[in-house]
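Below is one structure, written out as structure tokens; comments come after it.
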Amino acid sequence: MEKQCIKEYMEMYSKIAYGKNLKYATKPEIWGALSTALMSQIVDKWHDTRKAYKAHKAAYYLSAEYLMGRALGNNLINLQAYDEIAELLKELGVNVNEIEEVEEDAALGNGGLGRLAACFMDSSATMHLPVQGYGLRYRNGLFKQYFKDGGQLEEADEWLGYGDPWSIRKDDYTVEVKFQDMTVKAIPYDVPIIGYGGEIINTLRLWQAEPLCEFNFNLFNNQEYDKALEEKNRTEDITRVLYPNDSNDQGKLLRLKQQYFLVSASMQDIVRDFKKHHGNVWGDFAKWHAIQLNDTHPVLAIPELIRILVDEEGEEFDKALDIARTTFAYTNHTILQEALEKWDIRLMEILFPRILQIIKAIDERLQTELGHKGYTMEKMNPCLILKDGKVHMANLAIYVGFALNGVAKLHTEILKETELHHWYTLYPYKFQNKTNGITPRRWLVLANRELAHLITNRLGNESWAMDLTKLKQLTKYIEDEGFLEELMAIKHEKKVQLAHYIEEKEGITIDPDSLFDIQVKRLHEYKRQHLNALYILDLYFRLKENPELDIPKVTFIFGAKAFPGYYRAKSIIRLILAIADLINKDEGVSKKMKVVFVSNYNVSYAQKLVPAADLSKQISTAGKEASGTGNMKLMLNGAPTFGTYDGANVEIVGESGEENNFIFGLRVEDIEKLQNNYNPRAYYEQNPDLKRVLDALVDGTLNDGGTGCFRELYDSLLNGVNWDRADQYYVLADFKAFKEEQEKVFEAYKNKKKWAQMSLMNIANSGVFSSDRTIMQYANEIWGINPVE
Ligand code: 26V
């Protein structure tokens, strides 16, 4: 990177874009000028990469979500120009961190699934794999969260406020997407994905919906202004917001429209490119493309490809279906029934009747095939694509896809043995496991520069950042007191930094010398933040009884957004805020423990929390968390896992050793045995401590702001609400084991050397959880693509 060159560019850009000399530019303006300058530097390599890929089979990652976070810091790391640019900014009188901080997160995703897609983009480019991402350019990403009167409120996320220097609008690649009632333009915005080292630059193409004509001039002339803009608004609604509320028909209609918009634009783009380079030899299509469906959200790509081949290219239906059957693969990210997509046939009929017709034809082929195999109607039923007035998206993906994968070993086994067993008996060869991973560049090199430096220093060079298994070499320092002290000094420094940030942002003072016990992830009952909360309340009561209780000083930190319409998830946030209030205000107890629920947890906040964690809380009901990826980030940063035997926790413990983590609670097989005669009330009656904390929900100890929501939560755990049985997620059954395990944490934390060794064992054995490993497995075992030189 030519420092002088960047500076000159920034000076020029400041004049053109802001009409001022760079020395008068505000921080957001400096961010814009620097980002644009860096863009100008990578354009040639970006172009070269695209050209080099043309001669090879490529994979396309279709995803409705990409939870990217900020771009600047990450791109500086991947360009290996961070220190140089920091110096340049210093000359300009600003600190690189301050400039990074003005950038809004690109939060074009909800949680794990979207962040995984972002990590995969980074790893594909770093591994020189010809992979292109397709997604949607939501004008408003995931809502912003704030707390008022003890509960969560939401506001729109305006991430484009300072412009978007990290994408390029490509008008010449515009396509048209046709719905029954309207035709709209899909405009691609290309985001560069800079591979580590800066040599390879992949593309994430995000589509934005725009009207065919800006506004109706005749209506405007007749002074019917609102009407003139109606079409424009209706079109722009398609990519206005991530996951619009899907509780009513209008909302659902929009969501389905969004999905079709994504896949129609992407498939047209892929087909157009194929024709340009290979003519219309459709039989070769699958030799050049593999298309990965990130969950069921983009599954309409299947009938859309068939539609293009049949209606626009004149192919036979059966041949088109064969092409689809060798092109698509599907990833399953959850077994939660409420998250499995089923769309009303009626909605499809309204929006795209031709697509529905094609789905019907596919379903007929499926039934014929199963009929030949001797299946009765009853046996066929779980596999059917169309039934009960709905289109079952996963069944469409599994029938047509040539592969399907789970995201951790345990999850894949559950798919094979129970959830998708009917498919497994039919097509065992389609089932694969691809345990998730995370990119070490963002989650260590960028988020924890101090630890990265220590590692580079000890391993001799930076190559570990591209081959994370090299971290294993660190185990040779397991008895090296000097190294262990350095490791703990870095942990302390990250805790000091986090404490400052929390003080400033949340107005809560926490002690960096206390144990930082962290649970960060989306809020869901299956993730059991309330189990953690009940434990904390129990600890509070015990400290009230006995202020001399022998525990190390501890800070419990939560971060989580609740889906706006998910009432009970919001109750759990309210509960934790109420407990935090009770404890933090208690002069005596708060000397020993504090509780913080950070607001607006997002990727950038995670980058501050993860390196500062002493303990990683991963306490989902066994069998429910498909994988988890936060668990991997925390492991990589040296936090032992406090968790259940679930998702990737199983593999984490397998790598770093049971003795270096804290595993507790019911396992999948225990829950299977328990489920038909589970009686949560028995635990309540037999365990006085548990009874005390549950009663605190309803006896006035905690203030729910008059909402009655703590009573509802209490009822859901003890009595069952509506048609749901009591305590569906086995919170009460795991309470005792949780408490015993937490005692072990407190005991272990007293021995500083032992704790440092546990931390080191986690760092050193986290190599397999690099998304570089994961993406290479997709490349080799599913897509059949190779790194390009
Ligand atoms: C979605 C919804 C939407 C409606 C309300 C209930 C609900 C519950 C769960 C979901 C999950 C959506 C899919 C997802 O994000 N799965 C996550 O994928 C990660 C990457 O594979 C994985 O690490 C997480 O365990 C899994 O939950």
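Some observations on this one:
- TRP343 vs. criteria away from the ligand (no atom under 16 Å from the Cβ) and either open to solvent by less than 30 Å² (accessible area, probe 1.4 Å) or touching a residue at least 60 places away in the same chain (Cβ under 8 Å) (or both): no
- Taking segment 280-295 as the range and being under 22 Å from ALA117 (Cβ atoms) and in contact with a Leu (Cβ under 7 Å, 6 or more places away or on another chain) as the test, the residues that pass are ILE291, GLN292, LEU293, ASN294, ASP295.
- If the condition is being closer than 21 Å to GLY401 by Cα, β-branched (Val, Ile, Thr) and over 27 Å from the mean Cα position of the chain (by Cα), then segment 321-356 contributes ILE323, THR326, ILE355.
- When segment 335-355 is filtered for residues that are touching a strand residue (DSSP E or B) at 6+ places or on another chain (Cβ under 9 Å), part of a helix (DSSP H, G or I) and within 15 Å of HIS297 (Cα to Cα), only MET348 remains.
- Subset of segment 509-529 [within 22 Å of PHE710 (Cα to Cα) and either open to solvent by less than 10 Å² (accessible area, probe 1.4 Å) or of a type in the set (Phe, Trp, Tyr) (or both)]: GLN519, LEU523, TYR526, ARG528, GLN529
- Every condition in (1) within 16 Å of the ligand (Cβ to nearest atom); (2) more than 22 Å from ILE490 (Cβ to Cβ) holds for LYS594 except the one numbered (1).
- Test: PHE120 is buried (at least 24 other Cβ atoms within 10 Å of the Cβ) and either within 16 Å of the ligand (Cβ to nearest atom) or at pLDDT 95 or above (or both): yes
- Residue that is nearest to the ligand (Cβ to nearest atom), among those in segment 507-531 that are of a type in the set (Asp, Glu) and under 24 Å from the mean Cα position of the chain (by Cα): GLU525
- Taken as a whole, segment 143-161 holds at least one residue that is touching a residue at least 12 places away in the same chain (Cβ under 8 Å) and within 15 Å of the ligand (Cβ to nearest atom).
- Scanning segment 65-92 for residues that are assigned to a loop (DSSP other than H, G, I, E, B), open to solvent by less than 10 Å² (accessible area, probe 1.4 Å) and within 28 Å of GLN259 (Cβ to Cβ) yields a total of 1.
- Any chance ALA59 is crowded, with 20+ Cβ neighbours inside 10 Å, more than 23 Å from SER770 (Cβ to Cβ) and not charged (D, E, K, R): no
- Single residue of ALA209, ALA186, ALA228 found to be modelled with pLDDT under 95 and open to solvent by less than 10 Å² (accessible area, probe 1.4 Å): ALA228
- For VAL263, the requirement of being of a type in the set (Val, Ile, Thr), modelled with pLDDT of 95 or more and over 24 Å from LEU347 (Cα atoms) is not met.
- Residues of segment 144-179 classified as at positive phi and open to solvent by 60 Å² or more (accessible area, probe 1.4 Å), total: 1
- Only one of the listed residues (LYS617, LYS570) is within 16 Å of the ligand (Cβ to nearest atom), crowded, with 24+ Cβ neighbours inside 10 Å and not in a loop (DSSP other than H, G, I, E, B). That residue is LYS617.
- Hits in segment 18-39 (condition: more than 18 Å from GLU101 (Cα to Cα) and open to solvent by 50 Å² or more (accessible area, probe 1.4 Å)): TYR18, GLY19, LYS20, ASN21, LYS23, TYR24
- Yes/no for LEU444 being within 14 Å of the ligand (Cβ to nearest atom) and either within 30 Å of ASN765 (Cα to Cα) or assigned to a loop (DSSP other than H, G, I, E, B) (or both): no
- Residue in segment 744-759 that is closer than 26 Å to GLY401 by Cβ, basic (Lys, Arg) and assigned to a helix (DSSP H, G or I) present: no
- Considering the conditions (1) among the acidic types (Asp, Glu); (2) out of contact with any Asp or Glu (no Cβ under 9 Å at 6 or more places or on another chain); (3) away from the ligand (no atom under 16 Å from the Cβ); (4) within 30 Å of VAL693 (Cβ to Cβ), ASP538 is excluded by exactly one of them, (2).
- Which numbered condition VAL589 misses (of (1) at negative phi; (2) in contact with a strand residue (DSSP E or B) (Cβ under 8 Å, 6 or more places away or on another chain)): (2)
- Residue under evaluation MET377, criteria (1) open to solvent by less than 50 Å² (accessible area, probe 1.4 Å); (2) more than 24 Å from VAL310 (Cβ to Cβ); (3) hydrophobic (A, V, I, L, M, F, W, C); (4) away from the ligand (no atom under 16 Å from the Cβ), criterion not met: (1)
- Assessment of segment 52-64 against the conditions (assigned to a helix (DSSP H, G or I), under 27 Å from the mean Cα position of the chain (by Cα) and modelled with pLDDT of 95 or more) yields no matching residue.
- Some residue of segment 542-556 being within 30 Å of GLU338 (Cβ to Cβ), of a type in the set (A, V, I, L, M) and either touching a strand residue (DSSP E or B) at 6+ places or on another chain (Cβ under 8 Å) or open to solvent by 60 Å² or more (accessible area, probe 1.4 Å) (or both): no
- In a residue-by-residue description of segment 453-463, the property of being buried (at least 20 other Cβ atoms within 10 Å of the Cβ), of a type outside the set (Val, Ile, Thr) and in contact with a helix residue (DSSP H, G or I) (Cβ under 7 Å, 6 or more places away or on another chain) applies to no position.
- Matching residues in segment 93-117 - criterion: being within 16 Å of the ligand (Cβ to nearest atom), in contact (Cβ under 8 Å) with a residue 60 or more places away in the chain and in a helix (DSSP H, G or I): GLY112, LEU113, ARG115, LEU116, ALA117
- Annotation: of all residues in segment 625-658 being closer than 21 Å to ALA612 by Cα, in a helix (DSSP H, G or I) and open to solvent by 10 Å² or more (accessible area, probe 1.4 Å), the one that is nearest to the ligand (Cβ to nearest atom) is GLY630.
- Listed by position, the helices (runs of 4 or more DSSP H) enclosed by segment 356-429 that each have at least 1 residues that are of a type in the set (Lys, Arg) are 377-380, 409-414.
The values are calculated or read from the model by the stated rules, or taken from the named source; none is laboratory data. Because the structure is a prediction, the values reported are computed rather than measured. In this analysis, Cβ positions are derived from the backbone assuming ideal geometry, glycine residues included, and neighbour counts consider all displayed protein chains. Ligands, DNA and RNA are excluded from the accessible area calculation, which covers all protein heavy atoms including side chains. Shrake-Rupley method; radii C 1.70, N 1.55, O 1.52, S 1.80 Å.
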